[in-house]
1. Once semi-axes √(5λ) of the Cα gyration tensor in Å is worked out from the coordinates, which option in [x] 50, 21, 18; [y] 65, 23, 19; [z] 75, 17, 14 does it equal?
2. What dipole magnitude, in Debye to the nearest 20, does the chain give about its Cα centre under +1 on Lys/Arg Cβ and -1 on Asp/Glu Cβ?
3. I'd like the isolated cysteines in the chain, meaning no second cysteine's beta-carbon lies under 4.7 angstrom from theirs.
4. Sort M93, M261 so that the residue with the fewest other Cβ atoms within 10 Å of its own Cβ comes first and the one with the most comes last.
5. Please count, across the chain, the pairs of lysine residues with Cα atoms under 24 Å apart that sit 8 or more places apart or on different chains.
6. For the chain, what does the helix formula give at 222 nm: sum of -39500 (n - 2.57) over DSSP H segments with n ≥ 4, over the residue count, nearest 500 deg cm²/dmol?
7. As a footprinting exposure proxy, order F273, F323, F112, F26 by other Cβ within 10 Å, with the fewest listed first.
8. Through the Karplus equation 6.51 cos²θ - 1.76 cosθ + 1.60, θ set to phi - 60°, convert the phi angles of segment 293-301 into ³J(HN,Hα) values in whole Hz; use x for Gly and Pro.
Amino acid sequence: MSNVMKCRDIIVVGASAGGLRALQIFVGGLPQDLAAAVFIVLHIGARRSAASRILNSSSPLPVAEAIDGGEIRNGHIHVAPPDHHLLLEPGHMRLTRGPRENRTRPAVDPLFRSAAEAYGPRVVGIILSGTLSDGTAGFSAIKRCGGVTVVQDPDEAEYPGMPSNALRYVGADHCMPVGDIPELVVRLSGTGQAKAPEGMQEHGESMQAPEKDDEVTGRYEIGQPVSLTCPGCGGSLKETMVGQLPYYTCHIGHRFAIADMDAGQVEKLEQSFEIALRTLNERAALCRRMAEMALDNGHNLSSRRWDEARAEAEEKAKALQRFLEQGWIRAPSAEEAGI
């Protein structure tokens, strides 16, 4: 096998909570002559982010937000912009506002999967500090396509969830402190070795493509649901497995690892009860106003009925408020649950 084919020159990195500091250490350790292109997803959601500027101040390599259609070039670092997934295609980047995965956009899994499909064994996937399971399914795609997988040592990570889940459900070729990862990337990329010009490099060896994810009683009854529904859009979910880790995908593409599914359900419950609390407060105000108007017009009976409705809404609002203040029993981690 030639030196060109041995070189891993597509470096994809995912991080979430605690990840910015880990990313500063990582990019700060890369050499100016790095013979690879680096792509980063940090869970920043839709809000404006200074991540690329902060990383640029720590890095000897230029760091910038990814641009749709931008050329992939060695020695450059690109960060997914807010509210966009970053995907890789042969020779260039793509930005999309596709369905959120693991409750976030940008998400790590789309970057990892697209890199694996486009570049196969040339890919190095790296997971740094973060919570829950984003990146685990993408890790599986990278491994299936012959790439190399690396995680920050969970004992060192500020938030060990993402590296721990990747290790538990997929495994990693390397597990190390973040400060040691740049040296590994240098070795894997063949930096400093004689290489063919970038334009002559092939897009990868033959590989296995990533899997496409792709009785009436008149009373309320709580029965066994036919299927789970998506916390994002309410659509039906299908379950697939990535190693031993269940993943849930709805028909428009929202995707959740099981831990993210649990968190999404709790978030949806809180939103639903908050809407109910707001509506009860609004109903109480409306009923109070109707009672006043009825009394002003001499309709005493109607005024009493509206006042009773106001009192009922206020009583139920207080009960719901007490319920919300109790919080929720959070599910154990996958390791604690033994799954």
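1. Computed from these coordinates, semi-axes √(5λ) of the Cα gyration tensor in Å corresponds to label [x].
2. 540 debye
3. For the chain, the answer is C7, C145, C175, C233, C287, because their Cβ atoms have no other cysteine Cβ under 4.7 Å.
4. With the fewest neighbours first, M93, M261 line up as M93, M261.
5. Taking the Cα cut-off of 24 Å, the pair count is 8.
6. Only helices count here, giving -12000 deg cm²/dmol.
7. F323, F273, F26, F112
8. After applying 6.51 cos²θ - 1.76 cosθ + 1.60, I find 5, 5, 5, 4, 8, x, 9, 5, 4 Hz.
Rule-based calculations on the coordinates, nothing more; no lab input. Because the structure is a prediction, the values reported are computed rather than measured. FYI the Cβ positions are ideal-geometry reconstructions off the backbone, even for glycines, and counts take in every protein chain you see.
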